[in-house]
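Below is one structure; the comments refer to it alone.
The values are calculated or read from the model by the stated rules, or taken from the named source; none is laboratory data. Just so it is clear, the model here is predicted, and its values are computed rather than measured. Because the Cβ atoms are built from the backbone with ideal geometry, glycine has one as well, and the counts that use them run over all protein chains shown.
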Amino acid sequence: MNKLAQLDHKYVWHPFTQMRDWLRHEPIVIASGNGAVLRDVRGREFLDANSSIWTNLHGHNHPKINTALSRQLEKIAHSSALGFANEPASLLAEKLVKASDSKLQKVFFSDNGSTALEVALKLTYEFSRRARARTKIIRNPKFLSVEGAYHGDTVGAVSLGHIDLFHKAYRGLLFQSDRVMSPYCYRCPFNRAKPERADARDYRKCNWECVGKVEHAFTAQKKKGNPFAAFVFEPLMQGAAGMIPQPRGWLNRVSRIARAHGALLIADEVMTGFGRTGLLKGKNNLLASHLENVDPDFACLAKGLTGGYLPMAATLTTRRVFDAFLGEYHEFKTFFHGHSYTANQLGAAASLASLELLQNERSIRARQTLERNLRDELQPLWSLPNVGDIRQVGLVAGVELVKDWRTRVPFDLSDRAGIRVCEAMAARGVLTRPIGNVIVLMPPYCTTPAQLNKMVAVLRACISKALGN
């Protein structure tokens, strides 16, 4: 076993990993990368088919981001944002506000997706309490999110999540949040359509019962005299739930319901932002929410913010929310929340370079082409009996594995169907990670047609090999 792999086994505890299984095999130890290609310490090459857990937009070792970081290192790597400003963070905040093309006017920087949601949660909580104090009706603000939601691993973000596998163990630490059904067309109890060889959203037969459930939740909560303070959602596609896409129009409909009941909208754009879920009228758009004509009160950004280079996040909000925290020193209206590396210069410099790449016309055209190519490459997978649903939103794809597509019967988690397929893919030089029985493909924007072809061809071969059909 490689020496670095031995050190990993001896000292490292990996996230979301059954360590007993991990310790049975020599891990792939990544040593370098370029574009969509990763190399390990043994010199083997792999295609990065999930953009290094959904973060790497432009490819590894990108010369423009490298140059931006080198230039910033010649100045300063980090200084505190508590009481001081800095050049790249100020420029980045301006760029993010302008790129949002919305009512979002203020930026609070943090470290990752969890903290970006934590910021939005705390701001909403205190904003709502102060608003209710003026009416002398003070109750703890309540939050509504979606079944299968995953918004991060900090305690507040976990409280907004509804995946028992991830969250049940911590229930005693959490505050209660309410949930509404996810618009999971493939497994929706209200979808009367029989299985077809197509995305379930395209042949569904229903009466928007999922939207009715949202209306009912808001109405019922209002009758209790404590309306929901905010509705929290992942726009267009729920990630950790299993790449669950929303049918066109769902987000717009439920957002209008939330607005009608006075709730703020918190958009978790950690995975979906920066054009990952598609472009708006052929132009670069920062927020996936705008593809449904939804203008949130909070937009939480992370993962791709630095192009996958450094941990950094941003929570964008409105002037109205910001103004509620203005006051004299003795009033203590300050937002008492912060991070040591908030607005750090290296992360901001990488983010500025990434945004510049995203707004480049050549980049926009390349992403449009890659999205079309991904859709075309996925079509042959429908011929496999263990492929139940293929769902693509922009440059995100989820392939759900089932025992038989005609029945939609899922594999038991103990069958390790998704893991077995991904292990077989790694042996053939393609790296991705399953979400239960769903295989994720999320290629970097620099992926070539030949690389994309290999990613999907290997996936097809490994489904057949691992599942025996």
(message) I'm trying to understand the selection: among the residues of segment 420-469, which are over 21 Å from Ala241 (Cα atoms), assigned to a loop (DSSP other than H, G, I, E, B) and touching a strand residue (DSSP E or B) at 6+ places or on another chain (Cβ under 7 Å)?
(response) Gly429, Pro444, Cys446
(message) On the basis of being crowded, with 22+ Cβ neighbours inside 10 Å and at pLDDT below 95, does Leu279 make the cut?
(response) no
(request) Can you tell me which residue within segment 272-303, out of those that are assigned to a loop (DSSP other than H, G, I, E, B) and among the basic types (Lys, Arg), is farthest from Gly33 (Cα to Cα)? (result) Lys281
(message) Just the residues that are among the hydroxyl-bearing types (Ser, Thr, Tyr) and without any contact (Cβ under 8 Å) to a residue 60 or more places away in the chain, please, taken from segment 67-101.
(response) Ser70, Ser90
(request) Being surrounded by 23 or more Cβ atoms within 10 Å (Cβ to Cβ), of a type outside the set (Lys, Arg) and not in a helix (DSSP H, G or I) narrows it down to one of Phe175, Phe231, so name that one. (result) Phe231
(request) Report yes if some residue within segment 115-125 is outside any helix (DSSP H, G or I), touching a residue at least 40 places away in the same chain (Cβ under 8 Å) and of a type in the set (D, E, K, R); otherwise report no. (result) no
(request) Can you tell me which residue among Phe218, Phe166 is within 21 Å of the chain's Cα centre (by Cα), assigned to a helix (DSSP H, G or I) and surrounded by fewer than 24 Cβ atoms within 10 Å (Cβ to Cβ)? (result) Phe166
(request) Please enumerate the residues belonging to segment 307-356 that are surrounded by fewer than 19 Cβ atoms within 10 Å (Cβ to Cβ), touching a Phe, Trp or Tyr at 6+ places or on another chain (Cβ under 8 Å) and among the hydrophobic types (A, V, I, L, M, F, W, C). (result) Ala324, Phe325, Phe335
(request) Please note which strands (runs of 3 or more DSSP E) are completely contained in segment 4-111 and include at least 1 residues that are under 21 Å from Val270 (Cα atoms), within 25 Å of the chain's Cα centre (by Cα) and assigned by TED's automatic domain parsing to the domain that holds Phe325. (result) 104-110
(request) Considering only segment 304-390, give the helices (runs of 4 or more DSSP H) lying wholly within it that have at least 3 residues that are under 23 Å from Gly156 (Cβ atoms). (result) 319-323
(message) Of the residues Gly242, Gly212, Gly262, only one is out of contact with any helix residue (DSSP H, G or I) (no Cβ under 9 Å at 6 or more places or on another chain) and either farther than 15 Å from Met181 by Cβ or in a loop (DSSP other than H, G, I, E, B) (or both); which?
(response) Gly242
(request) Can you tell me which residue among Gly388, Gly418, Gly394 is of a type in the set (Gly, Ala, Ser), over 21 Å from Leu38 (Cβ atoms) and within 21 Å of the chain's Cα centre (by Cα)? (result) Gly394
(request) For residues that are more than 23 Å from Tyr186 (Cα to Cα) and either among the hydrophobic types (A, V, I, L, M, F, W, C) or in the same structural domain as Asp164 (by TED's automatic domain parsing) (or both), tally how many sit in segment 411-461. (result) 13
